[in-house]
Amino acid sequence: MQKTDPAYLHLERRIGRAHLTQRLETETHYVARVLGHGLTFFHVENLLWFHWVLRFSLKMTGLYWRGRRNASRPVVRHNRLVVAGLPAAFEGFTLLQLSDLHLDLTPGFAEIVGRAVADLSYDVGVITGDFRAKTYGPYDLTLRELGRLRPFLKGDVYAVLGNHDFIETVPLMEDMGLRVLLNEAVRLQRGGQGLFLAGIDDAHYYGTDNVQKAAVHLDHESPAILLSHTPEPFKKAAACGFSAMLCGHTHGGQICAPGGIPVLTNTRGCRRLTRGAWRYRAMQGYTSAGTGSSGVDVRFWCPPEITLHTLSAGA
């Protein structure tokens with residue numbers, strides 16, 4: 001992306017030069033690294049020979065196609081998300097969460113997800129990052145697949161970027177009707193009352209998250225929900241007054257031991273937040289097990305998920 005490109009100038013005006021420069025610098029020099037950089041030292045998503053060995057081993061044992069079938073059958077999960085101070089007009093308001101789609105990994109996966117969400121009832125869609133499988137290189141295929149998925153998603157859709165995503169894709173995704181939140185917040189209106197929906201940039205690899213900036217326009221009358229790719233900034237989110245946090249990144253482990261015990265979560269300091277509903281102080285949280293798959297498109301004892309969060313003020 002050149003500094004004279006219209007997309008560059010648009011992003012610079014919107015998020016600031018420092019944020020944009022840090023993102024582009026990391027994309028240029030660090031994204032393919034296996035060791036170092038980011039919150040964790042080891043980045044298995046870039047270990048391409050390991051993906052090949054794992055796929056080959058699963059084929060030799062006859063488990064590969066079972067894992068593929070598991071990965072292509074997302075389940076719909078329902079979660080009651082308690083939001084302190086939720087306005088009465090938003091009682092029962094439903095968010096559809098997709099996460100970690102990795103749309104360029106499995107041919108036809110966009111249509112699989114599209115068919116799974118087509119008949120669901122919800123008010124707003126959210127996507128918590130990692131639209132593509134690779135962390136570097138061309139992203140054209142991902143955008144084409146996203147274009148195939150978008151018509152299945154009803155109404156407004158908000159998103160954040162993950163550690164696999166390039167910031168150059170933001171204007172192109174927004175041309176499709178998604179609103180990407182880059183340390184930003186929007187106020188949803190219903191029945192004359194408001195609810196803030198905020199989103200931060202990737203905290204796991206790029207380190208361009210700014211929870212304080214996303215929270216700067218929040219007020220005491222309207223509660224706020226934070227979208228984050230990874231659960232790792234959960235303490236910051238709670239300290240900034242968010243009532244709830246939705247995230248992904250962990251894939252719930254993706255390949256788990258029997259009983260759904262994750263072997264690898266690729267996070268630091270939040271293993272207990274690997275999957276499902278959780279709570280930290282007054283903040284409710286939910287970590288999606290992911291809709292897609294990473295590295296190798298297989299899943300064991302950890303099905304992919306589509307999540308419907310129904311908001312409630314509590315008992």
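What follows draws every value from the coordinates through simple rules; no lab data is involved. Predicted model, so just to flag it, every value in this text is computed and none were measured. Virtual Cβ from ideal backbone geometry, glycine too; neighbours counted across all protein chains shown.
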The lysines whose Cα lies under 19 Å from the Cα of Lys235, excluding any fewer than 8 residues away in the same chain, are Lys213
Between Glu221 and Leu264, what is the spin-label point distance in nm, taking each point 7 Å from the Cα along the Cα→C-beta axis?
5.0 nm
Give the cross-link partners of Lys236 among the aspartates and glutamates, using a straight C-alpha distance below 12 Å as the criterion and excluding same-chain residues fewer than 8 apart.
Asp209
FRET efficiency for Arg33 and Glu91, using Cβ-Cβ distance with R0 set to 51 Å, rounded to 0.05:
0.65
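Tell me what the chain gives for mean residue ellipticity at 222 nm when only DSSP H runs of n ≥ 4 count, each as -39,500 (n - 2.57), the sum divided by the residue total, rounded to 500 deg cm²/dmol. Please list the in-between numbers first.
On the way: 9 runs with 80 residues, N = 315.
-7000 deg cm²/dmol, from helical runs alone.
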Cβ crowding within 10 Å averaged over residues, with 222-230, 238-246, 182-190 ranked highest first:
222-230, 238-246, 182-190
Summed over the other residues with a beta carbon less than 15 angstrom from that of Thr265, with K and R at +1 and D and E at -1, the charge totals +1
Hey, got a sec? Which chymotrypsin sites (Phe, Trp or Tyr not before Pro) in region 110-194 land in a DSSP loop and have at most 10 other Cβ atoms within 10 Å?
none
Label points 7 Å out from Cα along the Cβ direction at Tyr280 and Asp5: separation in nm?
3.3 nm
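Give me the number: length gained by fully extending Arg271 to Ala84, i.e. 0.36 nm times residue separation minus the C-alpha to C-alpha distance, one decimal in nm.
Computed gain between Arg271 and Ala84 is 64.8 nm.
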Give the lysines whose C-alpha is closer than 28 Å to that of Lys134, dropping any in the same chain fewer than 8 places away, or say none.
Lys3, Lys59, Lys154
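Evaluated at 10 °C with a viscosity of 1.306 mPa s, what Stokes-Einstein diffusion coefficient in µm²/s does region 245-301 have when Rh comes from the Kirkwood expression over alpha-carbon pairs?
136 µm²/s
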At what distance in nm do the modelled label points of Arg14 and Val76 sit from each other, each positioned 7 Å from its Cα along Cα→Cβ?
3.1 nm
